[in-house]
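The values are calculated or read from the model by the stated rules, or taken from the named source; none is laboratory data. Source: prediction; values computed, not measured. Ideal geometry is used to build each Cβ from the backbone, glycine not excepted, and the neighbour counts take in all protein chains shown. Calculation scope for accessible area: heavy atoms of the full protein, side chains included, ligands and nucleic acids excluded. Shrake-Rupley method; radii C 1.70, N 1.55, O 1.52, S 1.80 Å.
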Amino acid sequence: MTAIAGAVLMAAYIGISFIYPLVIGVLSEKSPVVGIEAANRKEYAVNEELKKRDFEVSAIHENGMETRLSGDEFDLSGKKLKPYGRGTKITVTLKGDKGMSCTVLVKNRREKFEAFDCGSPAAGDVSAVLYSNGELSFEGEGEVLQFNEGSFPWQESDLTNEIRYVTFGEGVRPTSLDYFFAGLENLSYVSPIPASVTSMSGTFADCAALKEAPDWSACDGLLDLSGCYEDCSSLVSVPAVPASVRTLTSAFAGCSSLQAAPDLSGAESVLAAGSAFKDCRQLVTVTLPPGVADISGMFEGCINLKDMPEIPTSVMNMNGAFNGALSLSTLTVIPEHVQDAGACFGGCGKISGVLWVDGNPQEFGGCFQDAAVATTVDLQGNSSLMDALANTGTNITVNGNMPDPEIQDYDDVFPDG
């Protein structure tokens with residue numbers, strides 16, 4: 001009896017271990033795959049590569065059975081995770097059938113280094129948490145405290161230079177981000193700006209490693225971008241400026257790597273853009289806000305800008321607008337409402353062709369000083385001051401003729417003011 005029982009147990013073992021899986025496999029192969037499921041329980045360090053063997057992927061058959069897939073039977077949507085956030089959603093796809101896929105949140109390995117309570121009115125409602133992966137994550141619910149410029153706790157930490165990424169949790173609703181991240185020299189990524197933000201004055205000033213400006217398309221109440229990206233020397237990409245923004249003063253000044261200005265064609269509320277792109281030495285492509293009034297110094301020192309953009313009729317101040325734009329050659333117009341054109345084209349030695357002038361600016365000293373060095377600019381239009389403007393430089397004509405040397409000042413044309 002003992003021998004018989006042993007034989008029975010052995011047969012059962014063989015059946016369970018070998019025959020049953022074969023039967024299941026045969027049944028599964030005969031049943032169509034209707035979906036796949038996947039899991040990954042590992043946490044990944046920054047820049048660590050994903051491996052298929054870390055994924056547990058199963059095919060779900062029409063008959064309800066599951067079969068484990070090998071790495072040769074599925075594809076992954078990426079090889080690395082984003083270095084910030086809890087993790088990255090990776091799509092697992094059945095090889096040969098793109099319609100058969102599932103998504104897995106694969107986690108980053110990160111530890112809390114430091115946390116700064118910064119909620120308002122209750123400080124504990126929001127925390128800025130600095131993680132081991134260099135991420136400064138704003139977590140919690142509600143408004144965020146404002147601090148004095150340069151005195152934000154994460155700017156004064158011993159770990160300030162470790163900050164490379166900034167993220168905002170869904171419940172965090174700051175109103176002002178003025179100077180929040182100024183001087184974070186290693187900051188390279190910022191998640192979309194929360195929709196609640198209305199002011200970003202100096203927010204990223206001197207962030208030398210930041211190449212791409214964050215998405216702010218949800219910020220339909222954003223008003224102030226003055227100095228927002230000033231001296232961000234690596235910045236190369238900025239999304240379109242929202243329609244609500246009113247001031248761009250010095251917003252991108254000193255962004256020496258910026259070649260294309262952000263789209264300003266829809267920034268219909270902008271009135272002030274003085275020095276907005278000052279010293280953007282690689283800038284070659286620009287647009288202007290349709291209702292802007294002040295463009296003083298807007299393109300000063302933009303030494304690679306060749307084409308003067310069309311100037312909206314709303315512009316009143318063009319003082320130094322293109323001063324020092326050494327490559328500027330083609331010209332457009334000085335509109336009728338301009339009151340100040342002083343030093344507007346100073347140092348623009350290559351300008352040539354026709355400049356249409358409709359305005360009678362009261363201030364225009366040095367408008368063409370050191371301009372048109374080896375070229376000729378002809379002033380045409382409806383302005384009564386074209387002779388006076390032409391006399392601020394050399395090689396400047398009026399309707400094809402040399403200007404009247406007796407007309408030098410505004411009072412020479414409008415003696416009664």
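A few notes on this one:
- Within region 186-212, the only residue that satisfies the criterion of being of a type in the set (S, T, Y), over 15 Å from N161 (Cα atoms) and out of contact with any Ser or Thr (no Cβ under 7 Å at 6 or more places or on another chain) is T203.
- Q380 vs. criteria assigned to a loop (DSSP other than H, G, I, E, B) and surrounded by fewer than 20 Cβ atoms within 10 Å (Cβ to Cβ): no
- Selection status of G324, under 22 Å from F252 (Cβ atoms), under 28 Å from the mean Cα position of the chain (by Cα), touching a residue at least 12 places away in the same chain (Cβ under 8 Å) and open to solvent by 10 Å² or more (accessible area, probe 1.4 Å): yes
- The residue that is most open to solvent (accessible area, probe 1.4 Å), counting only those in region 95-107 that are in contact with a strand residue (DSSP E or B) (Cβ under 6 Å, 6 or more places away or on another chain) and modelled with pLDDT under 95, is K95.
- Exactly one residue out of I163, I193 is more than 17 Å from A253 (Cβ to Cβ), more than 16 Å from the chain's Cα centre (by Cα), of a type in the set (A, V, I, L, M) and surrounded by 17 or more Cβ atoms within 10 Å (Cβ to Cβ), and it is I163.
- Filter result for P290 (assigned to a loop (DSSP other than H, G, I, E, B), under 21 Å from T203 (Cα atoms) and open to solvent by 30 Å² or more (accessible area, probe 1.4 Å)): no
- Residues of region 304-318 classified as open to solvent by 60 Å² or more (accessible area, probe 1.4 Å) and in a loop (DSSP other than H, G, I, E, B), total: 5
- Scan of region 117-128 for residues that are more than 23 Å from the chain's Cα centre (by Cα) and without any contact (Cβ under 8 Å) to a residue 40 or more places away in the chain, ordered by number: D117, C118, G119, S120, P121, A122, A123, G124, D125, S127
- Filter result (open to solvent by less than 70 Å² (accessible area, probe 1.4 Å) and under 32 Å from the mean Cα position of the chain (by Cα)) within region 43-80: Y44, A45, V46, E48, L50, D75, L76, G78
- Enumeration of residues in region 258-299 that are of a type in the set (S, T, Y) and either closer than 18 Å to T330 by Cα or touching a strand residue (DSSP E or B) at 6+ places or on another chain (Cβ under 6 Å) (or both): T285, T287, S296
- Any hit, region 169-191, residues being in contact (Cβ under 8 Å) with a residue 24 or more places away in the chain, out of contact with any strand residue (DSSP E or B) (no Cβ under 6 Å at 6 or more places or on another chain), over 29 Å from K89 (Cα atoms) and not in a loop (DSSP other than H, G, I, E, B): no
- Residues of region 196-206 that are aliphatic (A, V, I, L, M) and either open to solvent by 20 Å² or more (accessible area, probe 1.4 Å) or closer than 14 Å to S244 by Cβ (or both): V197, M200.
- Flag if G35 is touching a Cys at 6+ places or on another chain (Cβ under 8 Å) and either farther than 26 Å from L136 by Cβ or not basic (K, R) (or both): yes
- Long-range neighbours under 6 Å by Cβ, at least six apart or interchain, first residue within 17 Å of F322 (Cβ to Cβ) within region 258-282, second of a type in the set (V, I, T): A261/V286; L264/V241; L264/T287; A273/V292; A273/I295; G274/T249; R281/I303
- In summary, G140 fulfils each of the numbered conditions (1) open to solvent by less than 20 Å² (accessible area, probe 1.4 Å); (2) touching a residue at least 24 places away in the same chain (Cβ under 8 Å); (3) in contact with an Asp or Glu (Cβ under 7 Å, 6 or more places away or on another chain); (4) more than 29 Å from T249 (Cβ to Cβ) with the single exception of condition (1).
- Considering (1) closer than 22 Å to S188 by Cβ; (2) surrounded by fewer than 24 Cβ atoms within 10 Å (Cβ to Cβ); (3) within 16 Å of the chain's Cα centre (by Cα), the lone condition that P242 does not fulfil carries the number (1).
- Cβ separations smaller than 6 Å between residues 6+ apart or across chains give the following pairs from region 103-115 residues that are hydroxyl-bearing (S, T, Y) to residues that are assigned to a strand (DSSP E or B): T103/K89; T103/T91.
- Residue under evaluation D117, criteria (1) out of contact with any Gly (no Cβ under 7 Å at 6 or more places or on another chain); (2) of a type in the set (D, E); (3) open to solvent by 20 Å² or more (accessible area, probe 1.4 Å), criterion not met: (1)
- Matching residues in region 345-377 - criterion: being open to solvent by 20 Å² or more (accessible area, probe 1.4 Å) and not in a loop (DSSP other than H, G, I, E, B): G353, V354, W356, E363
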